[in-house]
Amino acid sequence: MNIPSKYNPASTEEKWYQYWMEKGFFHSEPDEREPYTIVIPPPNVTGVLHMGHMLNNTIQDIMVRRERMLGKNALWVPGTDHASIATEARVVAKLREKGIKKSDLSRDEFLKHAWEWRNEHGGIILEQLKKLGASCDWERTKFTMDDDMYESVIDVFIDLFNKGFIYRGKRMVNWDPQAKTAISDEEVIFKEVDSKLYYFRYKIDGQDKWLKIATTRPETILGDTAVCVHPDDERFKDMHGKKALIPLVNRSVPIITDEHVDPEFGTGALKITPAHDENDYEIGKKHKLEIIDIFNDDGTLNKNAQFFVGEDRFKVRDKITKKLDDEGHLVKIEDYVNKVGYSERTDVVIEPKLSLQWFLRMKELAQPALEHVMNNDVKIYPRKFKNTYRYWMENVRDWCISRQLWWGQRIPAYYIEGEDAFVVAKTREEALVMAKEKTGNTGLKDSDLKQDEDVLDTWFSSWLWPISVFDGIRNPDNEDIRYYYPTNDLVTAPEILFFWVARMIIAGYEYLDEKPFKNVYLTGIVRDKMGRKMSKSLGNSPDPLELIKKYGADGVRVGMLLCSPAGGDLLFEESLTKQGRNFSNKIWNAFRLIKTFKVDEYLNQPDASAKIIQWFDAKLNEAIKTLEKQFTQYRLSEALMTLYKLFWDEFASWYLEIIKPSYKKPIDSKTLEATTGFFEKLLKIMHPFIPFITEEIWQLIRDRKNGDSIMVSKMPGASLYDKSLISRFEKTKETVSAVRTIRKEKNIPVKEPLTLLVRGNEENYDNRFGEVLKKLTNLSDIQFVDKKPKGVASFIVKTTEYFIPLGDKVDVEKELEKLSKELNYSKGFLATVMKKLNNEQFIKNAPEKVVQRELTKKSEAEEKIKVFEERIAGLKKTKNE
């Protein structure tokens, strides 16, 4: 077999991904096996792969590959989200490049362009996921605007409307002036910004008195319809019931009192603009104030403002401040830090705006979703997010579900010409029948109906995702939904815990009376080494595909998880993907080494090989047991480190060094077979993390037939193992290191055999790894003595004392210095242990196992101190003689 000296990720990855696809290993159909299901958080159809996707999808692929190898019928459903705001913005920008305005097109003409854009660009991110190794069932790929998905959304809207949960009303909404649409509360990102607090004075109507107010938004003064003070604020008692004049527009408005006002803010007097501030709107409703909307949909001022008409709100802020200063109204300006809401989609400052929108009542719908998370029917990892979830759900507000866009599921409401009425129906035909019934007008025609222009919030389709991908809304009793639902695990980001995860749970209980998934695993945010979130705008986010080209998909997968604590943010550095690539190279080189071994069928197995095989078998089973626990706790980074250390430190560094035959010598068949078996098991448990290199080596390590694959082979389980073998070999490792240190310190050649003396009784000494120790340190013999001989170097492992005869090579002064350091360290260690053991709270509250461990440490430290003190005393005596 001609094995290349270097592993080539590029050719390997393409070859095996194609093979997996051709063999249909990713595809799933219901059968008699236990299902394991994950639905992908659908990336935006506008998206390209970024580092957050890399982390999220690496984790999902690890989980689904592992479950597939555990014998489950594993299904990972891929797909994309139509992303109303982002996609429409892209299409509008593309049309603008061609000199076409959206306003010049009909709805159908615009949607034709939108579908063309989607068909051209919409599959990019899914193709990129294949480069990562994602084992999705591509035959089941879904898109939230597919006909069946679209119909499911419309069915749900109609159902919730008929149940009284959906209503239409004029309310204060979050308005995105760039996208020109309302967005939900959850799509508003609040940022702390350095702002200004402006102090102005308003004249009291009919008097030569002035009232000072403070505001962060001078541009909204033109829409003021009241001034409000706290009823108990003594400073303004004489102004109750009077009127103030709004500067520039000279509007006379009432001075009202309300306990909502914070007397400590600004001057204690608050300008009230009901059309452009949520709190002002509530005060306006309570006091029946006039509402004057001064903004156009794009954030410019309209004719109601009377001044600066058609100019942008932020430019007006500076202009009106100067004008008010010129007219004697500006008192002062202070620096001020406040939180400002930004659109999550366009990153522009949100404008509170009164608008006629569609809303979904959430309080009642949310109750089952809250209860089932609180009682752990749906588990959230890390657990700290459970309280966040509870807070959100207990304070849930009605969801604004309409968007002033064309790309998306169009709201199925039809307005009746000449009537202040509408009907909600699935088709125009149904709507016409309902309209005739509602109005009693049998002469109504199709042309008398006008469908609502708005579309539904994108989240109103993705909240149905775990149900609708299996057609569970339209056909709730179909085979797929009965078999695959509820899904097992959802892997997503904490920032969408409420407006995606919580809503999916709500939909699950509303439509199938069942949770949509059993577990929610929330990943951290990918940040650079300075702690900044990775983003295009900062230029601190590497191109994932370039990383894959440079380090291989396996290397990138390992690199992502090396910096990924469970639920914590990741501080990503490219050096970690390099470390991932080096891990692949280490595995490849170990494989090449094994393949160079020439077997001698007649050669007896050396005792050292037999013993180390027993040890590694125990070590492997211990690791498998640890992995099983780590996976149940979603501690995937720790699971990777378990594997990393097992292969690199234990298998490659210790095991292979011990079983490796001498130069140009053959290996016995029993050892080679055991080693090959170990390697196969290691490949299998590593496969979910590094699928490509493990497939490549698995195919080469033994003869395979067409259709074989590691990804559908059986995952090894943990067998019973002898823990004492593991603990004993740890002592052997320490002994090997100590002997090698003495060789180095005394300049003793490696080829020169040494004798190792052990203080104690041979019958009480565990010498299971004696032959291993001899091989690794070139010992001619291991002997037992009852006291310390002269002319030796010494060391202690745990409580056992060892000596190496050196004759005249012993430097008493250096030996005393070394022993004194070891004695001081042991005394310091004992003091730390005693501090714990003398703490009553520790003894009272710590588990018995933990207390016992500390008592063992105390005993071992005391024994070491005794030995060191005896040896120091003996050396001093020798020195004085």
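The values are calculated or read from the model by the stated rules, or taken from the named source; none is laboratory data. Because the structure is a prediction, the values reported are computed rather than measured. Heads up, the Cβs are rebuilt from the backbone with ideal geometry, glycines too, and the neighbour counts pull from every protein chain shown. Heavy atoms of the whole protein, side chains included, go into the accessibility calculation; ligands, DNA and RNA do not. Shrake-Rupley method; radii C 1.70, N 1.55, O 1.52, S 1.80 Å.
Okay, residues lined up against (1) farther than 29 Å from T346 by Cβ; (2) in contact with a Leu (Cβ under 8 Å, 6 or more places away or on another chain); (3) open to solvent by 20 Å² or more (accessible area, probe 1.4 Å):
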{"site": "E264", "(1), (2), (3)": "yes, no, yes"}
{"site": "A269", "(1), (2), (3)": "yes, yes, no"}
{"site": "P274", "(1), (2), (3)": "no, yes, no"}
{"site": "I283", "(1), (2), (3)": "yes, yes, no"}
{"site": "L289", "(1), (2), (3)": "yes, no, yes"}
{"site": "D298", "(1), (2), (3)": "no, no, yes"}
{"site": "F307", "(1), (2), (3)": "no, yes, yes"}
{"site": "V316", "(1), (2), (3)": "no, yes, no"}
{"site": "I320", "(1), (2), (3)": "no, yes, no"}
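Considering the range 6-44, the residues that are open to solvent by 60 Å² or more (accessible area, probe 1.4 Å) and of a type in the set (S, T, N, Q) include one that is farthest from I467 (Cα to Cα), namely N8.
Does K629 meet the test of being at pLDDT 95 or above, surrounded by fewer than 17 Cβ atoms within 10 Å (Cβ to Cβ) and within 38 Å of the chain's Cα centre (by Cα)?
Yes: the conditions hold for K629.
The set of residues in the range 395-418 that are out of contact with any Phe, Trp or Tyr (no Cβ under 7 Å at 6 or more places or on another chain) and either among the hydrophobic types (A, V, I, L, M, F, W, C) or modelled with pLDDT of 95 or more (or both) comprises V396, L405, W407, G408, R410.
For the range 345-393, the set of residues classified as touching a residue at least 40 places away in the same chain (Cβ under 8 Å), more than 30 Å from G266 (Cα to Cα) and charged (D, E, K, R) consists of R345, R361, E364, D377, K379, K384, listed by residue number.
Residues checked against (1) open to solvent by less than 70 Å² (accessible area, probe 1.4 Å); (2) in contact with a helix residue (DSSP H, G or I) (Cβ under 8 Å, 6 or more places away or on another chain); (3) of a type in the set (F, W, Y); (4) over 22 Å from A493 (Cβ atoms):
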| residue | (1), (2), (3), (4) |
| --- | --- |
| F359 | yes, no, yes, yes |
| K363 | no, no, no, yes |
| V373 | yes, yes, no, no |
| P382 | yes, no, no, no |
| K386 | yes, yes, no, no |
| W392 | no, yes, yes, no |
| R410 | yes, no, no, yes |
| Y415 | yes, no, yes, yes |
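All of (1) assigned to a helix (DSSP H, G or I); (2) within 27 Å of R635 (Cα to Cα) hold for Y721 with one exception: (1).
Listed here are the residues, each with its yes/no results for (1) part of a strand (DSSP E or B); (2) among the β-branched types (V, I, T); (3) open to solvent by 50 Å² or more (accessible area, probe 1.4 Å); (4) touching a Phe, Trp or Tyr at 6+ places or on another chain (Cβ under 6 Å).
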{"position": "L776", "(1), (2), (3), (4)": "no, no, no, no"}
{"position": "S780", "(1), (2), (3), (4)": "yes, no, yes, no"}
{"position": "K787", "(1), (2), (3), (4)": "no, no, yes, no"}
{"position": "I796", "(1), (2), (3), (4)": "yes, yes, no, no"}
{"position": "K814", "(1), (2), (3), (4)": "no, no, yes, no"}
{"position": "K821", "(1), (2), (3), (4)": "no, no, yes, no"}
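Counting just the residues of the range 798-812 that are open to solvent by less than 80 Å² (accessible area, probe 1.4 Å) and over 13 Å from A738 (Cβ atoms), which one comes out modelled with the highest pLDDT? Looking at residues that are open to solvent by less than 80 Å² (accessible area, probe 1.4 Å) and over 13 Å from A738 (Cβ atoms), I get P805.
Conditions (1) assigned to a strand (DSSP E or B); (2) open to solvent by 10 Å² or more (accessible area, probe 1.4 Å); (3) not hydrophobic (A, V, I, L, M, F, W, C), marked per residue:
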residue	(1), (2), (3)
E151	no, yes, yes
D159	no, yes, yes
N174	yes, yes, yes
S195	yes, yes, yes
Y198	yes, yes, yes
R201	yes, yes, yes
Q207	no, yes, yes
L222	no, no, no
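The residue list G122, G99, G71, G79 contains one member that is within 25 Å of P542 (Cβ to Cβ) and either crowded, with 18+ Cβ neighbours inside 10 Å or out of contact with any helix residue (DSSP H, G or I) (no Cβ under 6 Å at 6 or more places or on another chain) (or both), which is G122. Residue count for the range 130-146, restricted to those that are surrounded by fewer than 22 Cβ atoms within 10 Å (Cβ to Cβ) and not in a loop (DSSP other than H, G, I, E, B): 7. Inside the range 700-727, residues that are within 21 Å of L776 (Cα to Cα), of a type outside the set (S, T, N, Q) and open to solvent by 20 Å² or more (accessible area, probe 1.4 Å) make up a count of 0. Taken together, the criteria place K332 among residues that are open to solvent by 50 Å² or more (accessible area, probe 1.4 Å), among the charged types (D, E, K, R), at pLDDT 95 or above and out of contact with any Lys or Arg (no Cβ under 6 Å at 6 or more places or on another chain).
Looking across the range 467-499 at every residue that is modelled with pLDDT of 95 or more and part of a helix (DSSP H, G or I), the one that is farthest from the chain's Cα centre (by Cα) is identified as E479. Pairing each residue of the range 733-760 that is within 26 Å of E650 (Cα to Cα) with any residue that is aliphatic (A, V, I, L, M) and exposed (fewer than 13 other Cβ atoms within 10 Å of the Cβ), provided the two are 6+ apart or on different chains, yields C-beta distances under 9 Å for R740/V750; R743/V750.
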